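Reviewing the structure listed below.
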Amino acid sequence: MKRISYLDMVKTLLSESDFSSFVSTYTKPITKSIKILNSQGGQATIARLSADGWNLIPPRFSRKGNVYDDVLFVEKTGRESLGSHTLHQEGKFYVQEMAAGMAAQVLYASDGKSQPRGQLVLDLCAAPGGKSIQLADLNCDSVIISNEPDPHRRKALEANLERCGIINTLVTWYDGRQLGDLLFEQCDKVLLDAPCSGEGMQYKKEFTVYQRNEKKVKKLAHLQRELFISAFKALKVGWELVYSTCTTNIIENEENVAYFLQEFAGSLELLPVEIEEKSCWLLGDDTIDGKVARFRPHVHHTGGFFIAKFRKTASLCQYQVSRAWTPSKSLWTAFRRVSPPDFLNTLHFDGWISEETIVAWIEERYLFLASKHTLRITIPAVIPFLDQLYLQRVGLPIAKILQDGSLKPIVANLPKIRLWTGK
Ligand SMILES: C[S@@+](CC[C@H](N)C(=O)[O-])C[C@H]1O[C@@H](n2cnc3c(N)ncnc32)[C@H](O)[C@@H]1O
């Protein structure tokens, strides 16, 4: 197979002047940016960071004159890293690359259609969790299923959700190709932030993203197609899916979009990603080119990133029957379903918690789950999914339950609710 270098590939897609500006920028560090958590006192966080001399600047990305301002660029003096700030450790903000932070905002950007409360949102490839945190924070009434099969990355996902005090997520660990069948046409929104070659992230200076390997790219493109089929199966008719990658090559991006449109012709519509400042390649294909969004280091001061948005216009019943994905035997063993406890029959606390039982009760607008040692908080909208999927983590652990039944808080900022005292 003929191998072409990363820059040779980019050269075919940009004008001469654009290309030389790209070359001078693509390995340089990009401007840092953060996502401030609205659910953790957003305005107070902004005031405290400003008092510390941090200058928070919205990007130049807009939609119908409104700036996408959920992620902000940071200018600051001093050499301490963003992650070492106390407000970061307290989960008041998350360090989020600007272009990556656009995917969740684009998924939620509505075209005027009224959005029901309590949506089910699937984040199919979720670790380390930046986009799940954003999806959960932007829409506190919704249930976010954050799926991640890699155990090491899932640990990082769980730690990040916990640090940021996110209560409306369920963490699962399926191979993403299975979830389309398990959640067939149940999800109002799906984010497929796919595993990719990372071409476009050269500023990270990691060998894996610096070294172009076309064979690997093609293998990844195949996995992305299988994941898209699953993501699209999980999506309800009439609702939206965002496909994103942090890569700049057209095999994983535009060619995949063309494949999705062909594979699901008649039930899939490509929607315009409404970002007025997005970039184009010189592909000369208007059906895809004008609608998807690309981000470039030399134009937008971000890493390379790609976003496409779709709507499901018809059910996939036929497809579901004919193309159900059959996982290998080893996967079935790894992901075999474990029966969850019978939450629905224990929706009130009866004063005794045994080794295995989990009791649950609803107070105000929260759902509490108590096992022998841990009290967790989440939202009642998760209930239908508690016995539908094998769950790695439900909501947010907020207190240890001590032997005498009293509670020892394990998060600094408990939500403002009356807490059951254990007596
Ligand atoms: C680009 S990263 C996701 C980043 C994440 N959305 C965020 O914002 O933090 C892609 C993730 O897909 C996961 N992945 C790889 N193969 C997968 C599969 N078959 N099903 C689901 N996820 C997979 C990887 O482990 C990786 O964590």
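Yes/no matrix, rows are residues, columns are (1) under 21 Å from R311 (Cα atoms); (2) within 13 Å of the ligand (Cβ to nearest atom); (3) among the basic types (K, R):
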residue	(1), (2), (3)
V143	yes, no, no
A156	no, yes, no
V171	no, yes, no
G176	yes, yes, no
L179	yes, yes, no
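So L220 passes all but one of these: (1) within 11 Å of the ligand (Cβ to nearest atom); (2) touching a Lys or Arg at 6+ places or on another chain (Cβ under 6 Å). Which condition number does it fail?
Condition not satisfied by L220: (2).
In segment 137-162, which residue that is without any contact (Cβ under 8 Å) to a residue 60 or more places away in the chain and of a type in the set (G, A, S) is surrounded by the fewest Cβ atoms within 10 Å (Cβ to Cβ)?
That would be A159.
So, restricting to helices (runs of 4 or more DSSP H) that lie completely within segment 243-308, which ones have at least 2 residues that are touching a helix residue (DSSP H, G or I) at 6+ places or on another chain (Cβ under 7 Å)?
On the way: elements: 254-263, 286-289, 297-300.
Because the criterion is at least 2 residues that are touching a helix residue (DSSP H, G or I) at 6+ places or on another chain (Cβ under 7 Å), the helices (runs of 4 or more DSSP H) in segment 243-308 that meet it are 254-263, 297-300.
Scan segment 184-198 and tell me whether some residue there is touching a Phe, Trp or Tyr at 6+ places or on another chain (Cβ under 8 Å), at pLDDT below 95, on the phi < 0 side of the Ramachandran plot and assigned to a loop (DSSP other than H, G, I, E, B).
No.
Suppose the filter is outside any loop (DSSP other than H, G, I, E, B), assigned by TED's automatic domain parsing to the domain that holds T245 and under 13 Å from the mean Cα position of the chain (by Cα); does L157 pass it?
yes
Go through the residues of segment 190-197 one by one and say whether even a single one is without any contact (Cβ under 8 Å) to a residue 40 or more places away in the chain, in the same structural domain as V237 (by TED's automatic domain parsing) and among the hydroxyl-bearing types (S, T, Y).
no
With the checklist (1) near the ligand (Cβ under 7 Å from one of its atoms); (2) surrounded by 21 or more Cβ atoms within 10 Å (Cβ to Cβ); (3) at negative phi in hand, flag the one item G129 doesn't pass.
Just one mismatch for G129, condition (3).
I'd like to check something: does segment 191-203 contain any residue that is under 17 Å from the mean Cα position of the chain (by Cα), within 14 Å of the ligand (Cβ to nearest atom), buried (at least 20 other Cβ atoms within 10 Å of the Cβ) and of a type in the set (D, E, K, R)?
yes
Kindly provide the set of residues from segment 81-91 that are touching a residue at least 60 places away in the same chain (Cβ under 8 Å) and open to solvent by less than 40 Å² (accessible area, probe 1.4 Å), ordered by number. Reasoning before the result, please.
To start, the set of residues in segment 81-91 that are touching a residue at least 60 places away in the same chain (Cβ under 8 Å) comprises 89-91.
Answer for segment 81-91, where residues must be touching a residue at least 60 places away in the same chain (Cβ under 8 Å) and open to solvent by less than 40 Å² (accessible area, probe 1.4 Å): just G91.
Going by the conditions given, is Q105 surrounded by 24 or more Cβ atoms within 10 Å (Cβ to Cβ) and closer than 18 Å to Y243 by Cβ? So that I can check it myself, show each step before the final result.
On the way: surrounded by 24 or more Cβ atoms within 10 Å (Cβ to Cβ): no; closer than 18 Å to Y243 by Cβ: yes.
So Q105 fails the test.
Does A47 count as among the aliphatic types (A, V, I, L, M) and open to solvent by 40 Å² or more (accessible area, probe 1.4 Å)? First the steps, then the outcome.
Working: among the aliphatic types (A, V, I, L, M): yes; open to solvent by 40 Å² or more (accessible area, probe 1.4 Å): yes.
Yes: the conditions hold for A47.
For V10, only one of the following conditions fails: (1) outside the structural domain of F295 (by TED's automatic domain parsing); (2) touching a residue at least 24 places away in the same chain (Cβ under 8 Å); (3) hydrophobic (A, V, I, L, M, F, W, C). What is its number?
Failing condition for V10: (1).
The values are calculated or read from the model by the stated rules, or taken from the named source; none is laboratory data. Keep in mind that this is a model prediction, so the values were computed, not measured. Using ideal geometry, Cβ is built from the backbone for each residue, glycine included, and neighbour counts are taken over all protein chains shown. Surface areas here come from the heavy atoms of the whole protein model, side chains and all, with no ligands, DNA or RNA. Shrake-Rupley method; radii C 1.70, N 1.55, O 1.52, S 1.80 Å.
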